[in-house]
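Working notes, structure below.
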Amino acid sequence: MGPATSGYGVSVDVFLRKEKTMVATQPDIDTISITRTFDGIEAAAHRVISQTGGMASFIKDAKIAVLKPNFVAGRSAETGSTTSFALLKAVAEEVHACGAEPVLCETPGTEFDREATYTILGVEKFCADNGIRIVRIDPEGGEQDWIELRPAGAKRLRRFRIPRFMQEACFINLPVLKTHVVSTMTLGMKNPMGILPRPDRRAMHTLGIAPCIVDMNRGIKPDLTIIDGSVGQDGEGPLYGDKADLQVLVAGRDSLAVDLVCCQLVGIKPRAIPHLKLALEQLGKPSWTLVGEDVGVIKQFRLPEQKSLYRFIFWLMYPLDYPYSWVAERGRHFCTTLYSTGLVGTRPQINDASCTRCGICVETCPLPNVIDLKTLQVNYKTCQRCLLCYEVCPENAISVKGYSGTRKPS
Ligand code: SF4
Ligand code: SF4
């Protein structure tokens, strides 16, 4: 993983770890590549990697490369919610060609189950077919799996943990170009949150997501970020927004620079995104050289509506999780318990009057025993809110409740 920096430009900053301090340098001016995916995502991925310097320049002498996609939940890449397998495949091929091992490390949002998410997305088979090793670290932050970082200059998130095995690894950040109902946009700077243990993610939400994203990026510097805009999502992202169909990949070393370029592509002023505004103020504006295609604004993005009551209730789940986790079974969190009641969160509901009990939704659901055809109840303890049942119902008997993703039977 690359070094932490206190600003942008020639960096001689320190990457503080419990065990050691690493000093390294990054180039003054980043090269940012933009390319369309008209000839396929894999071809486009190989192109941006080549244009930004080639995979060998990122891997250097690392034995493993950590691929960090955005698998926030079991919603396919076709919805614009998650990183496409085609991008991961191309990156893994490049890593193999450099003699290193690609390793996938990702934990979904706190309200989702990692194994169920992997099942819905088909992560196991994809990784097995493409020689990618999956590393399942303890999401609750057990001592053996994690090391602590204390990034210099951090203002809110003064310490957090990253997986121990990442110390000597090349870190390849593979986010999606999409909006986010909490952080407005989720791009390169936010994506590494998915490798932090849940207690540290909870701290980020409690202390303020925008300043904590900036602090996290003082400690985590990906060697390469490739933003997957092959589909992308605007409106009420990151899961239930509108497919954007951008057909673009954007790559570079500097996450802030990459994020600023992505904002240009979707017509959003970076200062409208709280963590980018703070990053510009605290870290300074990076410099970059554009290569590839100069595409202008591909699509004017609609940012999510900011409903303060929703944001407050969402925020409240995190401080409440501290006392909850003292008494709850390990791995249980306040939000998962709250969502499992079926009273909150995006969730499918079956309308008895329209349902013919054809069973198609049960056959389509990627998980066992979630929909009970006799009672037409959905088990919200196990439902992962992928909405595949809603999409296949021939009678339009399923509606979707919740703040984001609400859908009436069509
Ligand atoms: S697919 Fe629709 S009609 Fe068929 S059982 Fe499910 S909810 Fe009922
Ligand atoms: S019940 Fe519907 S939303 Fe829930 S996991 Fe099954 S298919 Fe997905």
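The values are calculated or read from the model by the stated rules, or taken from the named source; none is laboratory data. Remember, it's a predicted structure, so these values are computed and weren't measured experimentally. When we count neighbours, we look across all protein chains shown, and the Cβ atoms used for this are built from the backbone with ideal geometry, even at glycine.
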Checklist entry - Is there any pair with a first residue in the range 115-132 that is closer than 16 Å to Val72 by Cβ and a second that is within 16 Å of ligand 1 (Cβ to nearest atom) and assigned to a helix (DSSP H, G or I) whose Cβ atoms are under 9 Å apart and which are 6 or more apart or on different chains, and what are they? => result Ile120/Leu388
Next on the checklist: Condition check: modelled with pLDDT under 95, assigned to a loop (DSSP other than H, G, I, E, B) and crowded, with 17+ Cβ neighbours inside 10 Å. Does Thr110 satisfy that?
Outcome noted: yes
Item to check | Those residues of the range 381-394 which are under 26 Å from the mean Cα position of the chain (by Cα) and either within 11 Å of ligand 1 (Cβ to nearest atom) or on the phi < 0 side of the Ramachandran plot (or both), in sequence order | outcome: Lys381, Thr382, Cys383, Gln384, Cys386, Leu388, Cys389, Tyr390, Glu391
Item to check | Sole residue being at pLDDT below 90 and among the basic types (Lys, Arg), chosen from Lys408, Lys374 | outcome: Lys408
Checklist entry - Looking at Leu278, is it assigned to a helix (DSSP H, G or I), more than 25 Å from Phe58 (Cβ to Cβ) and of a type in the set (A, V, I, L, M)? => result yes
Next on the checklist: Here is a check on your reading of the model: is Glu329 of a type outside the set (Val, Ile, Thr), within 14 Å of ligand 2 (Cβ to nearest atom) and within 27 Å of the chain's Cα centre (by Cα)?
Outcome noted: no
Checklist entry - Yes or no: Tyr339 among the hydroxyl-bearing types (Ser, Thr, Tyr), crowded, with 16+ Cβ neighbours inside 10 Å, touching a residue at least 12 places away in the same chain (Cβ under 8 Å) and near ligand 2 (Cβ under 10 Å from one of its atoms)? => result no
Item to check | Positions within the range 358-380 being surrounded by 13 or more Cβ atoms within 10 Å (Cβ to Cβ), polar (S, T, N, Q) and more than 11 Å from ligand 1 (Cβ to nearest atom), in sequence order | outcome: Gln377, Asn379
Next on the checklist: Return the residues of the range 238-266 that are touching an Asp or Glu at 6+ places or on another chain (Cβ under 7 Å) and closer than 19 Å to Leu283 by Cα; say none if nothing qualifies.
Outcome noted: Gly252, Arg253, Asp254, Ala257
Checklist entry - In the list Pro348, Pro366, which residue meets the criterion of being out of contact with any strand residue (DSSP E or B) (no Cβ under 9 Å at 6 or more places or on another chain), within 7 Å of ligand 2 (Cβ to nearest atom) and under 24 Å from Pro108 (Cβ atoms)? => result Pro366
Checklist entry - Can you name every residue in the range 369-396 that is under 22 Å from Gly109 (Cβ atoms) and either aromatic (Phe, Trp, Tyr) or more than 10 Å from ligand 2 (Cβ to nearest atom) (or both)? => result Tyr380, Lys381, Tyr390
Item to check | Residues of the range 192-233 classified as crowded, with 21+ Cβ neighbours inside 10 Å, more than 13 Å from the chain's Cα centre (by Cα) and among the polar types (S, T, N, Q), total | outcome: 2
Checklist outcome for this item: In the range 30-54, anything among the charged types (D, E, K, R) and either on the phi > 0 side of the Ramachandran plot or in a loop (DSSP other than H, G, I, E, B) (or both) is listed as Asp39
Checklist entry - Which one is surrounded by the fewest Cβ atoms within 10 Å (Cβ to Cβ) among residues in the range 268-298 that are touching a helix residue (DSSP H, G or I) at 6+ places or on another chain (Cβ under 6 Å) and within 20 Å of Ser50 (Cα to Cα)? => result Val291
